Structures are given as structure tokens and as C-alpha cells.
1. Return yes or no: is Met57 over 18 Å from Ala24 (Cβ atoms) and in contact with a Leu (Cβ under 9 Å, 6 or more places away or on another chain)?
2. Can you find a residue in segment 26-45 that is in contact (Cβ under 8 Å) with a residue 24 or more places away in the chain, out of contact with any Lys or Arg (no Cβ under 6 Å at 6 or more places or on another chain), crowded, with 19+ Cβ neighbours inside 10 Å and under 14 Å from Leu114 (Cα atoms)?
3. Among the residues of segment 59-86, what is the count of those that are within 13 Å of the chain's Cα centre (by Cα) and surrounded by 20 or more Cβ atoms within 10 Å (Cβ to Cβ)?
Amino acid sequence: MDLILWHNPRCSKSRAALALLEEAGAPLTLRRYLDDPPTEAELRALQSALDLPAIAMMRPKEAAFREMGLSRDMEDATLIAAMARQPKLIERPVLIAGERAVIGRPPERVLTLL
């Protein structure tokens, strides 16, 4: 199974999730999503895999959320477009395993896809 971890090395939760996956011996690909931002299409596919509303994929306390004039009650399409423009709005870490995905909050949640 191909595992892709959307990773931010500056985030303690992301580092913890990576350590858990490495400890489990899971072969994975790291995607530093801040350096390699996902497209809107990738974010829609992720939303489908997570089976969550777009706001649940976001960090609404991030300063950029307010600076961009976003609110929790906006349509998914608007919020997905905002995440594509400003990837630091994406909640992290995210582990993708084919058609399934999980947000690693807490980090141990990533182990559910192994």
C-alpha cells in the first residue's frame, strides 16, 4: 500500500506521526505540503477520502484564516480554494492510503491506516 504523509517538519504533531510510522516500519512518501502545495482537485480528493467537511480539514485559528476573511460557515468550495492558495491552513499531519485518509490529531490516528 502506498502511504503519503502530508508533513510539516516544524509541527510537533507531524513529527510525532512520522516517528510512529517509521517505528512501525511503514514505507511512506513524505510530501512537504507547504513546499509542494496540493491543488484544489487534490484537496477535493482528500476531502472525499476523509469524508469530512472542508472546515474540518482546516486550521481556523491560523492567522491566515482571519486575514483571508474566511469563516466556518463558508461553502466547501470556497474553503478548499483557500487551502490551495494558502496551504498552511491545512490541518496536519495527513496520512493518505489509497482511497482512505486520516488527519493525525492525535498523531496515533495515523496508525489506523496501517
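1. Yes, satisfied.
2. yes
3. 2
Rule-based calculations on the coordinates, nothing more; no lab input. Worth saying up front: this structure is predicted, and the values here are computed from it rather than measured. Neighbour counts run over all protein chains shown; Cβ positions are idealised from the backbone, glycine included.
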